[in-house]
Amino acid sequence: MSVRNFNIAIAGATGAVGQEIVAVLERRGFPVGECRLLASSRSAGKTMRFRDQEVTVQELSASAFKDIDIAFFSAGATRSREFAPAALESGALVVDNSSAFRMDPEVPLIIPEVNAEQMGDSMLIANPNCCAAILAVAIWPLHQKATLKRVVVSTYQSASGAGAQAMEELKDQVKAFAAGEEPKTEIFPYPIAFNVFSHNSAVAENGFNDEENKLVQEVQKIFSTPELEIVPTCIRVPVLRAHSEAVLMDFAETLSASEAREILASAPGVTLVDDVEGGHFPMPIEAAGELDVHVGRLRDAGSSGRSVALFISGDQLLKGAAWNAVQIAETWIRKA
C-alpha cells in the first residue's frame, strides 16, 4: 500500500453502508489523510467516530469535494447522479455504490477478484448489486475452469439489503411478535419477521423483478458474457445481516463437485465452509462481519458431469457493498 495518505469523502456516511465504509477503512489501515463525512441536512452536525476521533458530519454539497482524492458514494442513485460530477471535477476517484452508473457502458463495474483489469484509467467506478457481487466471487473461479452456460440462483436476502431502517424494522417486529402485538410495516410491504416474500422491487415486463434483472445484467457485464443464461429468484428472509444464495450451474466442459471444491479452497475472496460429516455449511450468522464469501454444500447435480450445485452466504454490507468499494480504492492506489 502506498505511504501517501489520501483525503477521503463518504457521501451517505450515516447510512448502513456508509458506516461500514468508515469501519472498513479503519479495519484495513487504509492510508487516510482527512476523512470527510457527508450526509443530508438532517444528519449534518452529528458526529461519528473514526480512529479514536470524533468527526462532524457535513452536509452533502457540490463544494464538499474540494481537495478530496477518493469519494465513496452510498447515498442512493439520485444523489450519485447529482453530486458525482462535482467529485469528478475536483479530481477525485469516485466509487459509487448505487445503481446510477452500473449499466453505463462507459463505466467499469468492478469486483477486484474478478475483473480488476477493467478499471483502466476510469475515475468513476461502479460497485455491483450486493447479490451480484456475492455470486460472482463464488462462481468466477469455476467459470474460468469450465465455462458457465447457465446459472439458476435463488437468493435469501437479509434486511440489511434495504438499509439500517429495515434492520431496525425486523428487530421491532420480532419484539412485537414476542409481545403478542401486531407488527408495524413501514420499510417493507409485508412483515419480514417470521416471514419470507418475493423481493419488494417492481416486476418488469419480462416477469422478473428489478432485483433479479440487476443480478442478471450485472453478472453478464462483470464476466463480459452477455450470452450467459442466468435465472434468478430473489427472496426476502427474516435474517438481520448477510445474504445467502442457492446456485445450480451448468458448464460447457466437465467439472465435478470435488474439482470445484479444490478450486474454491484457494480462490480469492472465498472461504470454503463444507463440512459434510459435521453438517456445517455456509450460514448468514457466520458470514456476517466477514470480508470473504462463504461457499459450501457442493454437490454434483445430475449425471452429465457438467453440473454442480452449491450454497453461498456473504455479508451484504461488506462484500456486497462497503468492502468491495474499499477494495476498488485499494486496487486503484496500487495502480497509481
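Tabulated data
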| read-out | value |
| --- | --- |
| Fluctuation leader among PRO232, PRO85, PRO282 - the chain, Gaussian network, Cα springs under 10 angstrom | PRO85 |
| Mean separation of Cα contacts under 8 Å (6+ apart) over length of the stretch 31-92, as relative contact order % | 28 |
| DSSP-defined beta bridges in the chain - what % are antiparallel, rounded to 5 | 50 |
| Percentage relative contact order, the chain, counting C-alpha pairs under 8 Å, at least six apart | 18 |
| Gyration tensor verdict on the stretch 237-291 (Cα atoms; rounded if a/c is under 1.5, prolate if a/b is larger than b/c, oblate otherwise) | prolate |
| The chain, accessible surface, carbon-and-sulfur percent (1.4 angstrom probe) | 48 |
| Global form of the stretch 181-336, assessed from the alpha-carbon gyration tensor, a/c cut-off 1.5 | rounded |
| Other-chain or far-sequence residues with amide H under 5 Å of THR271's (modelled H) | VAL293, HIS294, VAL295 |
| Residue of GLY279, GLY320, GLY12 that the Gaussian network model of the chain assigns the largest fluctuation, springs spanning Cα pairs under 10 Å | GLY279 |
| Across LYS175/LYS319; LYS149/LYS214; LYS149/LYS221, pairs whose alpha-carbon gap is larger than 22 Å | LYS175/LYS319 |
| GNM flexibility winner over the chain from ASP96, ASP315, ASP52 (Cα, springs under 10 Å) | ASP52 |
| The chain: C-alpha gyration tensor shape, a/c 1.5 cut-off, then a/b vs b/c | oblate |
| PHE6 long-range amide H proximity, modeled H, under 5 Å | VAL32, GLY33 |
| Under 5 Å, built H, 5+ apart or other chain: amide partners of PHE197 | ARG236 |
| Sites ALA336 and THR47 - FRET efficiency at Förster radius 25 Å, r taken between beta-carbons, to 0.05 | 0.20 |
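The values are calculated or read from the model by the stated rules, or taken from the named source; none is laboratory data. Everything numeric in this text was worked out from a predicted model, so none of it was measured. Virtual Cβ from ideal backbone geometry, glycine too; neighbours counted across all protein chains shown. Each accessible area value is taken on the protein alone, full model and side chains, heavy atoms only, with ligands, DNA and RNA left out. Shrake-Rupley method; radii C 1.70, N 1.55, O 1.52, S 1.80 Å.
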